[in-house]
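Derivation of every value follows stated rules applied to the coordinates shown; laboratory data play no part. All values reported here derive from a predicted model rather than from experimental measurement. Quick reminder, even Gly has a Cβ in these numbers, built from the backbone with ideal geometry, and neighbours come from all protein chains shown.
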Amino acid sequence: MEKIIKVDLKEKSYNIVIKENILSSCSKYIKELKIGKKILIVTQDKVPSVWIQKVKQSLFEAGFKVFVLVLKSGEEQKDLSSLLKIVNFAIKNKFERSDSFCAVGGGVVSDLTGFAASIYYRGINFICIPTTLLGMVDAAIGGKTSINIKEGKNLLGTFYQPKIVIMDPRVLSTLSKREFLVGMGEVIKYALLEHTAKTKFPKSGFFKFLKTKKNQILKLNTKALFQIIDYSAFVKAQVVSKDEKESNLRAILNLGHTFAHGIEQAFDYKKYTHGEAVSIGMCLASKLSYRQNLISEKEVTSIISLISDYGLPTRLERPFNLNKIIKSMLLDKKNKDGKFRFILPVDKIGKVKIVSGIEIKEIKPLFLN
Ligand code: GLY
């Protein structure tokens, strides 16, 4: 089965193509872009070489001149020195504006390569081939690119859309359970906001689907995986098509993320993965919504149960330094005048809204009970 989802951004529109075993034939789709002959694949050493080889071989057979730059693994590689490695490599090998950078990997690789592509000669073609669930359902779609600097994560970046996103659900078979669950945190997020995004999973909605198909999803059943990738990518594509630069609607994708960034930063990005922190963040956002009388206790319990059913954390393990977390949360770009601005689930599961002006004293108790 092949599924094509369009991100509709006028002259910057592009397709997300999802297909089993697509990597071996990726050049068929890339050739249609009418780009230059040189392609620089940027990847990390933890990405199984089998996936890189498939992409490389397919491009090579189609007549592209393929270069591969393998960076070390880890979020710390998303920095200025890796950015310079990419651009220096491209300059040395005489890449021109019609040529392309192609990210093969997770969110670190796509954020970094997308950023490099956006500034190299004021913009070179960018192709994205995510190899993690998080990459597929979030990082690869929507054109947010960035690197980290010592002052904070993702502080330098651009909006720069890829020319195409190619996804092969098969690659998920080589992820560890924990890496897979990083992406599941974001997949569950789409279930909590699908109605506000004006999308609806066929029949009973995505939340119910995730509840009833939990075993198949966790066993990496091919059909179930295809469905969650397809629908999550669709929701994200819809939101980005309506609001590329996060002027309004796109902000809903930050559900759970102010809490998550605070938690990740306070633990030096070591104890919790992004998906785990987002999961705890969504539970805290639900509890806050309940305290604000915006959602019923029953809905909050359902949200927390689903997250827990997937083996994701629903609360912080003690001990933790709450003041440090709050301090980190206050750095969030979305806050205003020292007060928090959150995306909160409201009414029925599937709906969220932006709530501003939340004070620190309203946040602290959420962590403690
Ligand atoms: N990850 C949130 C966004 O792309 O807007």
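Less than 20 Å apart at the alpha-carbon level, and either on another chain or at least 8 residues along: which lysines does that give for K46?
K54, K56, K72, K78, K85, K177, K270, K271
What residues qualify as long-range amide H neighbours of C102, i.e. H under 5 Å apart, gap of 5 or more or another chain, H built at 1.01 Å from N?
L40, I41, V42, I127
So how far apart, in nm, are the two label points at I91 and K10 if each is 7 Å from Cα heading toward Cβ?
3.3
Can you tell me the FRET efficiency between L80 and K270 if r is taken as the Cβ-Cβ distance and R0 is 22 Å, rounded to the nearest 0.05?
That gives a FRET efficiency of 0.50.
Run the helix sum for the chain: -39,500 (n - 2.57) per DSSP H stretch of 4+ residues, divided by residue count, reported at 222 nm to the nearest 500 deg cm²/dmol.
Computed mean residue ellipticity for the chain: -13000 deg cm²/dmol.
Normalised by the residues of the chain, what does the relative contact order come to in percent, with Cα pairs under 8 Å and at least six apart?
Values: 676 pairs, mean separation 52.6, N = 369.
Taking the mean separation of contacting Cα pairs over the length of the chain, I get 14 percent.
Give me the number: length gained by fully extending K208 to S25, i.e. 0.36 nm times residue separation minus the C-alpha to C-alpha distance, one decimal in nm.
On the way: separation 183, 0.36 × 183 = 65.88 nm, distance 3.45 nm.
So the chain would gain 62.4 nm between K208 and S25.
For E2 and K223, compute 0.36 nm times the residue count separating them, minus their Cα-Cα distance, and round to one decimal in nm. Don't jump to the answer; show the numbers that get you there.
Details: separation 221, 0.36 × 221 = 79.56 nm, distance 1.22 nm.
Once the chain is fully extended between E2 and K223, it gains 78.3 nm.
Dividing the alpha-carbon Rg of segment 278-355 by 2.2 N^0.38 Å yields what?
On the way: Rg = 13.2 Å, N = 78, 2.2 N^0.38 = 11.5 Å.
Compared with the compact-globule rule of thumb, segment 278-355 sits at 1.15.
Let a ≥ b ≥ c be the square roots of the eigenvalues of the Cα gyration tensor of segment 1-108; is it rounded (a/c under 1.5), or, if not, prolate (a/b larger than b/c) or oblate? Write out the running numbers ahead of the final one.
Numbers: a/c = 1.42, a/b = 1.31, b/c = 1.09.
Since a/c stays below 1.5, the shape of segment 1-108 is classed as rounded.
Given a Förster distance of 41 angstrom, what is the FRET efficiency for K198 paired with K65, based on the Cβ-Cβ distance and rounded to 0.05? Don't jump to the answer; show the numbers that get you there.
Working: r = 43 Å, r/R0 = 1.05.
The computed FRET efficiency comes out at 0.40.
Just to confirm the filter: which trypsin sites (Lys or Arg not before Pro) across segment 127-184 are DSSP coil and have at most 16 other Cβ within 10 angstrom of their Cβ? Walk me through the numbers before you get to the answer.
Numbers: sites: K144, K150, K153, K163, R170, K177, R178; in loops: K150, K163.
Filter output for segment 127-184: K150.
Which residue fluctuates most in the GNM of the chain (Cα springs below 10 Å): Q44, Q292, Q161?
In the Gaussian network model the winner is Q292.
Between L255, L193, L225, which gets the highest mean-square fluctuation from a Gaussian network model of the chain, Cα cutoff 10 Å?
Result: L225 has the largest fluctuation of those listed.
Please report the projected area of segment 59-127's Cα convex hull averaged over all directions, in nm².
Taking a quarter of the hull surface, the average projection is 4.5 nm².
Rounded to the nearest 5, what % of the DSSP beta bridges within the chain are antiparallel ones?
Numbers: 17 of 41 bridges.
Roughly 40 percent of the DSSP beta bridges within the chain come out antiparallel.
Take each of the peptides 92-98, 154-160, 274-280, average the number of other beta-carbon atoms within 10 Å over its residues, and list them starting from the highest. Working shown, then result.
Numbers: 92-98: 12.9, 154-160: 15.7, 274-280: 26.6.
Packing proxy ranking, top to bottom: 274-280, 154-160, 92-98.
Give the Rg/Rh ratio for the chain, taking Rg as the radius of gyration of the Cα atoms and Rh as the Kirkwood radius, to two decimals.
Numbers: Rg = 20.0 Å, Rh = 20.8 Å.
With Rh from the inverse mean 1/r over Cα pairs, Rg/Rh is 0.96.
Highest GNM mean-square fluctuation, the chain, Cα pairs closer than 10 Å: which of A233, A116, A62?
A62
How long are the semi-axes of the ellipsoid equivalent to segment 88-241, from square roots of 5 times the Cα gyration tensor eigenvalues, in whole Å, largest first? Display every interim value, and only then the final one.
Numbers: eigenvalues 187, 52, 39 Å².
Result for segment 88-241: semi-axes of 31, 16, 14 Å.
In nm, what is the difference between 0.36 nm times the number of residues separating K327 and I149 and their Cα-Cα distance? Show your work: numbers first, answer last.
Working: separation 178, 0.36 × 178 = 64.08 nm, distance 1.83 nm.
Here the segment from K327 to I149 would lengthen by 62.2 nm.
Name all residues of segment 90-115 having a backbone nitrogen under 16 Å from the label point set 7 Å from the Cα of K72 along its Cα→Cβ direction, giving them as ranges.
Only 109 fall inside the zone, counting backbone N under 16 Å.
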